[in-house]
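The values are calculated or read from the model by the stated rules, or taken from the named source; none is laboratory data. Predicted model only: the values in this text are computed from it and were never measured. When we count neighbours, we look across all protein chains shown, and the Cβ atoms used for this are built from the backbone with ideal geometry, even at glycine. In case anyone asks, the SASA skips ligands and DNA or RNA and just uses the protein heavy atoms, side chains included. Shrake-Rupley method; radii C 1.70, N 1.55, O 1.52, S 1.80 Å.
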Amino acid sequence: LRGALRQSDLLVRISGDEFVVVLDDLEGDGGPDRVAQKILDEVLRPFRIEGNEVQVSASLGYALYPEDGGDAETLLKNADAAMYSAKENGRGSHAFYRSEMNQRASQRLSLEVALKKAFRDGEFTLYYQPRLDAATQGVVALAALLRWISPSRGVVPPGEFIPVAETLGLTEPLGRWVVGELCRQVAAWSSEGMPVRASFNLSPREFWQPDLATRILRQVRAAGVAPSSIVVE
């Protein structure tokens, strides 16, 4: 980051993976868009750690003084809102602050609070989508679909809450719940003489857990379910 900035620019780390850059007098440097892209290009440049090539990505949002805030607190808040907007456009993007972003940031904060409460209160459920044999039209498998049944929001699809759950660190406990609930239901169906093969979706973040396979197998065996009955997607 420092390599992409001028000596006079201020660079500070404000949390684990969040940094703030304060830039002054950009008129002769092509404006903040050029600097933002230069920073992102520098971050994206691969580097090596212990012989391995590593590449990271970042999202960047910026706010201008005095148009977007007359004090540091307001500028930081608005730059943060712009950063979340950039994240929605995909990693490696940058965005400038617009007034409507505050409303979206407020909605996101409300969603984060509601999602934490939903996990505590057990507001999640699994829907089961049948998979049919095209020739016989018989059900050959089921796909478990995670849904959030919110008292105030109704049925919330995973595309809306999973990205937020990832930022909150909830994907691992949610994944454990999904596997446990799926195994419980498959065991119940099997005891009623309806052996089924069921699949569930794994989030990309869960995939990197080193004990993932061991943990899933442990949950499957604890439920008394044949491992061949559970499919990971």
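Data overview
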{"quantity": "Accessible-area composition of the chain, carbon plus sulfur, in percent [1.4 Å probe]", "calculated": "54"}
{"quantity": "Gain upon complete extension [residue 217, residue 133; 0.36 nm per residue less C-alpha separation]", "calculated": "27.5 nm"}
{"quantity": "Under 19 Å from residue 87, Cα to Cα: lysines that are on another chain or at least 8 residues apart", "calculated": "38, 77"}
{"quantity": "Candidate aspartates and glutamates for bridging to residue 117, where Cα separation is under 17 Å - those fewer than 8 sequence places away on the same chain excluded", "calculated": "160, 166, 172"}
{"quantity": "Unit charges at the beta carbon, dipole of the chain: most positive-side option, 44, 84, 231", "calculated": "231"}
{"quantity": "Rounded to whole Hz, the Karplus (6.51, -1.76, 1.60) HN-Hα couplings of the stretch 47-61, x for glycine and proline", "calculated": "9, 10, 10, 6, x, 9, 7, 10, 9, 10, 10, 8, 10, 9, x"}
{"quantity": "Charge dipole (debye, nearest 20) of the chain; +1 at Cβ of Lys and Arg, -1 at Cβ of Asp and Glu", "calculated": "1100"}
{"quantity": "DSSP beta bridges in the chain [antiparallel fraction, %, rounded to 5]", "calculated": "70"}
{"quantity": "Folded to 0 to 90 degrees: helix 72-88 orientation relative to the chain principal axis, Cα", "calculated": "50"}
{"quantity": "Anisotropy class of the stretch 29-124 from Cα gyration tensor, a/c 1.5 cut", "calculated": "oblate"}
{"quantity": "Simple spin-label estimate for residue 120 and residue 57 in nanometres, 7 Å along Cα-Cβ", "calculated": "3.3"}
{"quantity": "Accessible area in square angstrom per residue, the chain, 1.4 angstrom probe", "calculated": "62"}
{"quantity": "Using alpha-carbon coordinates, inclination of helix 171-191 to the longest axis of the chain, degrees", "calculated": "10"}
{"quantity": "Enclosed volume per residue, in Å³, of the convex hull spanned by Cα atoms of the stretch 1-58", "calculated": "91"}
{"quantity": "Residue 107/residue 233 FRET efficiency (R0 30 Å; Cβ-Cβ; nearest 0.05)", "calculated": "0.50"}
{"quantity": "Between helix 158-168 and the chain: long-axis angle, C-alpha atoms, 0 to 90°, nearest 10", "calculated": "60"}
{"quantity": "Extension gain from residue 64 to residue 207, taking 0.36 nm per residue of separation minus the Cα-Cα distance", "calculated": "47.5 nm"}
{"quantity": "Listed residues 51, 122, 92, most fluctuating in the chain (Gaussian network, C-alpha, under 10 Å)", "calculated": "51"}
